[in-house]
Amino acid sequence: MKELKMDCEVSSFIDFSKYEGKDITLTGSIQNLRVLGWGGFIILRSNSYMVQCVAAKESVNIENLSVESVIKIVGLLKTATIKDKSIIPNNYEIELKSIEVLSTPSIDVLPVDTTKRELNVALDTKFDLRPLTLRHPKQRAIFKIQSTIFNAFGNYLTNIGFNRICSPKIVFSGAEGGANIFQLDYFKRKAFLTQSPQFYKQMMVGVFGRVFEESPVFRAEKHDTSRHLNEYISLDLEMMLSNGFEDLIVTEANVLAYIFDNIRETCKYEIELLEINVPIINKIVTMKFNEVHETVFQNYKKDFRGEKDLAPEEEQLICDYVKKTYDTEFVFVTHYPMEKRPFYTMEDKNDLGYSLSFDLLFRGLEITTGGQRLNKYEDYIDRMGKLNMNIDSFDSFLQTFKYGMPPHGGLGLGLERLTAQICGLSNVKEASLFPRDINRLTP
RNA sequence: GACCAUGUAGCGCAGUUGGUUAGCGCGUCGGCCUGUCAAGCCGAAGGUCGCGGGUUCGAGCCCCGUCAUGGUCGCCA
């Protein structure tokens, strides 16, 4: 039997200021190496840090070290002024006393150079070599921000009474119409990978009133664009509505505002490194679907009127318009035509043919779809009948409404899309650690 | 699936109207450098020009096919 101490260095966050003038021991990878006549510098990548170490010839020898070798160092922590924005912290450095090499790369030459300010490689190469390319400071910064979004979404909703749920990803039937769905063999029965936690969110509103989930969803669509993935992380929420479907819009605006504040607070280095502007939401602008068509026609002379959906170009134009006119980067587009929305969507009784649903456009891209759902059993039976759907196969879902359900609605926010738009990435795949698209299944 | 573009050294690229031995930057290797921070300076190695066929005295360059990648669109978050 051996008892370990719970309170030790692995259980704490390194506060460099506490080590000033003292020795510090760190284990990390060599991010970069500069050998000079008198010794040189090592940039050590360690947890969330990228620390500069100074190697004087008389103390340590760094001539035989190489980038991506893992070393354990002991040195004296001193204040410093460091210009390189990828080095965190930039006000301390370590004067090395000893270096122990723990491992070295097993190949002589790394396939790409991760030591430069920009990771200058083609997308395909970047993804093929993901275990290495993600080590570049700018790549790390993207996913530090993504991690912050993920946590902030959950924290904000938890604070206002939402309950986190984890719904199954292997399902009996698909939730959405239209989109293709991945099929798999489930003990000799047909099963699917979920396209959306939609049905489970709704079931759980009957239990908790407010729920959220952050999990992967799978789309077997053969799309091949810079804004689609076949597997992505969906930030979902579903809630009872006390004032109608606009509750959803207000909730989303607030959760986004919280996320952006969180990023500004905890990702200062990353924001500076990526040279990005984290957006501000201090007002909520909504436009009806038809109003968007009309506005784009009036202001840009592009006629999409009569189209049942927004074209990518139109999304960009309306975002441009809203920015100029209302000084905001966000526009909630409401009242999409019923025929473009799934069967569980609530129709606006005052605007027949149009739904109580919305998309959120941010910097020219759709990042959310949401809306109020049907909540009465009879309405489901009626709607599904009109759409010639097989009611029996939705039996377990329809229980929810049989047993009574309040007015409710929800939304789904694409994590990679939001990350990409915040970080100014032109391809959403860059906001996925290991993107899955029509051609890519590895790494 | 449609349309457009690209494929040249480990990586990112240039390569003129078809013409001797295919270039540049980074990385790698050797050397120099007492504070670098995209370090700098000197030197060296490294390429069947995606693949197959064709035109031509001659093809990285022109033509046909094929594969791969990127962009736009369809669909969507």
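The values are calculated or read from the model by the stated rules, or taken from the named source; none is laboratory data. Worth saying up front: this structure is predicted, and the values here are computed from it rather than measured. So basically every Cβ, Gly included, is an ideal-geometry build from the backbone, and we count neighbours across all protein chains shown. Please note that ligands, DNA and RNA were not included when accessible areas were found on the heavy atoms of the full protein model with its side chains. Shrake-Rupley method; radii C 1.70, N 1.55, O 1.52, S 1.80 Å.
Worth a mention:
- For segment A:230-358: rounded, prolate or oblate by the Cα gyration tensor [a/c cutoff 1.5]: oblate
- Simple spin-label estimate for A:K376 and A:N47 in nanometres, 7 Å along Cα-Cβ: 5.8 nm
- Over 22 Å between alpha carbons, listed pairs A:K349/A:K376; A:K190/A:K386; A:K201/A:K386; A:K188/A:K386; A:K85/A:K268: A:K190/A:K386; A:K201/A:K386; A:K188/A:K386
- Residue-by-residue Karplus 3J(HN,Hα) for segment A:71-88, coefficients 6.51, -1.76, 1.60, Hz, glycine and proline x: 10, 10, 10, 10, x, 8, 7, 10, 6, 7, 10, 10, 7, 4, 6, 7, 8, 10
- The Cβ shell under 14 Å around A:S393 holds other residues with a net charge of 0, Lys and Arg each +1, Asp and Glu each -1.
- Nearest-ten-degree value, helix A:246-266 long axis tilted from longest Cα axis of chain A: 0 degrees
- Loop-located GluC sites (Glu not before Pro) across segment A:2-79 with a Cβ neighbour count of 14 or fewer within 10 Å are A:E3, A:E20, A:E58, A:E63, with loop assigned by DSSP.
- Segment A:137-252 shape via C-alpha gyration tensor axes, a/c threshold 1.5: oblate
- For segment A:1-74, trypsin sites (Lys or Arg not before Pro) are listed when DSSP marks them as loop and at most 16 other Cβ atoms sit within 10 Å of their Cβ; the list is A:K2, A:K5, A:K22, A:K57.
- Accessible surface for segment A:71-148, divided over its residues, is 54 Å² per residue with a 1.4 Å probe.
- Spatial extent of segment A:67-138: Rg and Dmax, with the Cα atoms as the point set, Å: 14.9, 42
- Accessible surface of segment A:141-231 [probe 1.4 Å, protein heavy atoms]: carbon and sulfur percent: 53 percent
- Selection of trypsin sites (Lys or Arg not before Pro), segment A:352-434, meeting DSSP coil and at most 16 other Cβ within 10 Å: A:K376
- Accessible heavy-atom area order of A:T81, A:T251, highest first, probe of 1.4 Å: A:T81, A:T251
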